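Everything below concerns the one structure shown next.
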Amino acid sequence: MDPTRTMKGLQERWGVMPRARKVLAVLAAVGLLVTVAYLFFILTRPEFTPLFTGLEPKQAGKIAEELKAMKVPYRLRDEGKTIAVPADQVYDLRIKLASKGVLYETGPGFELFDQQKFGITDFEQQVVYQRALQEELRRTIVQMEGVEQARVHLVMPKESLFLDQQVAPSASIALKLKPLVKLKPEQVQGIVDLVVGSVQGLQPENVHIIDLQGNVLTDQLPLKDEQARLTRLTMDQYQIKRAYEKDLEVRITSMLTRVLGPNKAVAMVTAELDFDKRKSTTITVQPGQILSQQTTSEQGTSPGGAAGAAGTDSGLPGGSVPALVGGAGSQYSKQQSTTNYQLGSQQETLEVSPGSLRRLSVAVVLNGECSAAQIQEITGLVRTAAGVQDARGDQVNVSSMPFDTSYLEEVEKAVEEAEKPLPEKILKQWPIVAGAGAVLLVLLVLLVWFLARRGRRRAADLEEAVKIGEAAAPPAVETPPIKAPQPPETLKDLRQMAKEKPSEVAEVLKLWLKE
């Protein structure tokens, strides 16, 4: 096939092709080229994978500058919080950026001491040491689970030779936690112990940890300072007391609302809780088992009445011999019994837990006037619902009086006005609506009149222009029906008309210019 003849044939066909088909052919060729180029770009472009996510603007700027210096293409996503790079370079870039200290606003730690300066003062050296220690602590805290970022501020006062002039060091830590993460008390205590062990002379009570929402995380830790511990204990007891009273108030009000209706009763509860810790021990002696038993029995006779009882002085020489009852041949007997018992005992220790209810006072006010029978019945219901005990000294007071509901009525009225449908509001404000409608009607009439007047004036001008044109045009019989008048004759006629009727021609020109 001869390329020359082929090109010549294409040129001949292109030459005889209509203009519309040429345009369509050019557009189709351009579209095909654009499609091929786009597909080539899509298939050959590298796949981008997130390098870092959840970045702050300052962090993203540092990383972007470093990537530009390294001539690495990158993409910003998620409103600049995510930086994506080619997938085959992700891990290599992370290592390089980490080695350059660009990640997460990392500052120099003890690397500050790698650059020795001549002539540095003690104050400057102390500041450098404080900066290095703060950064090292921050790096360690960030590695904890749930912590995304951290800032550490240390106050390390200068040591003094006098004890009364020494100031204790302190530490403040701000944590940025990961979404939906809440640190456990054990984790907060671990951070406190880490900082205390890193700063000389720092006490745990001088370490303050907060999150970016302003919550003080160290408040949930036990305090070693007795005064602070007692203060926190008092506040905790008050919160427990208020929670108990609130629960009873809600229960009583809910019951009375079901019985009397909404906004018909108000209940207030005052509870005295005993937070003292007492321990009592009771020992009860009980009958025990027999350990040993001894029985002694003696029997004897006195022949002739000369001998005395055994164990007396009557049988001794020179002793007196008392007379025995019964005379000669009397007998005697002696019996003695000894029993030893093992006594039993029962010991009972009772420890009263803190927070027990000491006394309860309940006050209920009913809306309106109630009879004595109703008040008595409601008093019984309240006593049962609150668990009132007379032996404990509990009190229940139920009274009735009308409530001041003026403010509530005003609020309800305002809400009803806001919720009314639009037609009702318009009917209520009919004078304003009528006045506005009258003004709009007048404006509409004026607008219609102005447009009609303008339309009549334009119609008159057009009619006059047509008449002038008909008068200036040559007779119809002189002009061939097929051929149009030649331009030179028309210009000649217009010049002649302008000379004869200059004012009318001027009016026509003004009308044309105005339109």
Q: Return the residue satisfying two criteria in turn: it lies in the range 259-281 and is among the β-branched types (Val, Ile, Thr) and under 35 Å from the mean Cα position of the chain (by Cα), and of such residues it is least open to solvent (accessible area, probe 1.4 Å).
A: Val269
Q: Within the range 41-60, track down each residue that is without any contact (Cβ under 8 Å) to a residue 24 or more places away in the chain and open to solvent by 30 Å² or more (accessible area, probe 1.4 Å).
A: Phe41, Ile42, Leu43, Thr44, Arg45, Pro57
Q: Examine the range 83-90 for a residue that is within 32 Å of the chain's Cα centre (by Cα), over 30 Å from Val188 (Cβ atoms) and either open to solvent by 70 Å² or more (accessible area, probe 1.4 Å) or modelled with pLDDT of 85 or more (or both), and state whether such a residue exists.
A: yes
Q | Qualifying residues in the range 375-422 (those that are among the β-branched types (Val, Ile, Thr) and exposed (fewer than 13 other Cβ atoms within 10 Å of the Cβ)) - the one nearest to Glu249 (Cα to Cα) | A | Thr384
Q: Quickly run through the range 330-365 and pick out the residues that are touching a helix residue (DSSP H, G or I) at 6+ places or on another chain (Cβ under 7 Å) and either without any contact (Cβ under 8 Å) to a residue 40 or more places away in the chain or part of a strand (DSSP E or B) (or both).
A: Arg359, Leu360, Val362, Val364
Q: From the list Gly344, Gly355, pick out the single residue that is open to solvent by less than 50 Å² (accessible area, probe 1.4 Å) and under 44 Å from the mean Cα position of the chain (by Cα).
A: Gly355
(Q) Just to check your reading of the model, which residue among Thr35, Thr4 is among the polar types (S, T, N, Q), surrounded by 10 or more Cβ atoms within 10 Å (Cβ to Cβ) and more than 30 Å from Lys81 (Cβ to Cβ)? (A) Thr35
Q: Please indicate, with yes or no, whether at least one residue in the range 141-150 is under 14 Å from Leu217 (Cβ atoms), in contact with a strand residue (DSSP E or B) (Cβ under 7 Å, 6 or more places away or on another chain), assigned to a loop (DSSP other than H, G, I, E, B) and in contact (Cβ under 8 Å) with a residue 24 or more places away in the chain.
A: yes
**Q.** Candidates Ser172, Ser160, filtered to the one that is small (Gly, Ala, Ser), at pLDDT 80 or above and not in a helix (DSSP H, G or I)
**A.** Ser172
Q) Do you know which of the residues in the range 286-296 that are in contact with a Gly (Cβ under 7 Å, 6 or more places away or on another chain) and open to solvent by 60 Å² or more (accessible area, probe 1.4 Å) is farthest from Gly355 (Cα to Cα)? A) Pro287
**Q.** Given (1) in contact with a helix residue (DSSP H, G or I) (Cβ under 7 Å, 6 or more places away or on another chain); (2) open to solvent by less than 40 Å² (accessible area, probe 1.4 Å); (3) among the small types (Gly, Ala, Ser), number of the condition Ala168 does not satisfy
**A.** (2)
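Residue-wise test of (1) surrounded by fewer than 17 Cβ atoms within 10 Å (Cβ to Cβ); (2) of a type in the set (Phe, Trp, Tyr); (3) closer than 20 Å to Pro204 by Cα; (4) at pLDDT 75 or above.
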position	(1), (2), (3), (4)
Lys100	yes, no, no, no
Gly107	yes, no, no, no
Gln116	yes, no, no, no
Asp122	yes, no, no, yes
Glu145	yes, no, no, yes
Arg151	yes, no, yes, yes
Q: Would you tally the residues in the range 38-69 being over 21 Å from Gly80 (Cβ atoms) and assigned to a helix (DSSP H, G or I)?
A: 7
Q: From (1) at pLDDT 75 or above; (2) over 56 Å from the mean Cα position of the chain (by Cα); (3) open to solvent by 70 Å² or more (accessible area, probe 1.4 Å), pick out the condition that doesn't hold for Thr339.
A: (3)
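The values are calculated or read from the model by the stated rules, or taken from the named source; none is laboratory data. Just so it is clear, the model here is predicted, and its values are computed rather than measured. When we count neighbours, we look across all protein chains shown, and the Cβ atoms used for this are built from the backbone with ideal geometry, even at glycine. To get the accessible areas, we keep the full protein, side chains included, count just its heavy atoms, and leave off ligands, DNA and RNA. Shrake-Rupley method; radii C 1.70, N 1.55, O 1.52, S 1.80 Å.
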